[in-house]
Amino acid sequence: MTAAGMITAGAAAPGAAAAEEPRIDLKVLVVDNGDSTVKAVTAQLKSTGVPYTTVDMSDSGRPTITAAFLSDTVSGRPRAKFQGVVRPNEAPFGAGSAEQTALETYERTYGIPQVDAYTWAHPGVGLDYTEGSWLGRHS
């Protein structure tokens with residue numbers, strides 16, 4: 001019973017090391033497609049002094065978004081290079097693309113929040129489509 005109680009309580013085996021908390025750099029990644037909504041968020045980051053790195057999607061020489069671009073290891077400790085991600089929309093690289101998958105995996109792995117500079121109500125963002133008389137009508 002005692003051994004079962006220790007396992008249930010989560011006691012670690014002698015000599016086992018706890019997983020090290022990742023280091024998260026205080027910088028925001030901005031994925032920029034040139035839209036005014038991304039420019040507005042970037043202007044706010046700049047005016048409040050938040051450090052950020054911009055990846056210009058129209059630049060053919062831009063870095064590719066990969067796991068290595070987003071994170072690495074420093075002195076044996078995992079490091080997330082960005083504390084947040086600003087995207088022009090929910091899937092700037094295309095759903096299922098390697099870059100989109102790398103970005104989503106990074107956000108999940110490190111608990112990194114994202115801001116979509118523009119999106120609309122649809123199932124891809126966890127919302128239902130707008131229905132009925134409210135669609136496109138203003139009072």
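Placing +1 on the Cβ of every Lys and Arg and -1 on the Cβ of every Asp and Glu, with no other charges, gives segment 23-119 a dipole of roughly 420 debye about its Cα centre.
What's the ranking of 73-80, 109-116 by average number of surrounding C-beta atoms within 10 Å, highest first? Provide the component values of the computation, followed by the final result.
Numbers: 73-80: 12.0, 109-116: 14.6.
Averaged packing, sorted descending, gives the order 109-116, 73-80.
For R23, the amide hydrogen comes within under 5 Å of the amide hydrogens of R79, A80, counting only partners 5 or more places away or on other chains and with H modelled in the peptide plane. Couplings 3J(HN,Hα) for segment 101-106, derived from phi with the Karplus relation 6.51 cos²θ - 1.76 cosθ + 1.60 (θ = phi - 60°), are 5, 4, 5, 5, 5, 4 Hz, where x marks Gly and Pro. Using 0.36 nm per residue and subtracting the Cα-Cα separation, the extra length available between K46 and N33 on full extension is 2.9 nm.
Only the coordinates and a few stated rules stand behind these numbers; no lab work does. This one's a predicted model, so the numbers in the text were calculated from it and none came from an experiment. For neighbour counting, all protein chains shown are included, and Cβ atoms are generated from backbone atoms with ideal geometry for every residue, glycine included.
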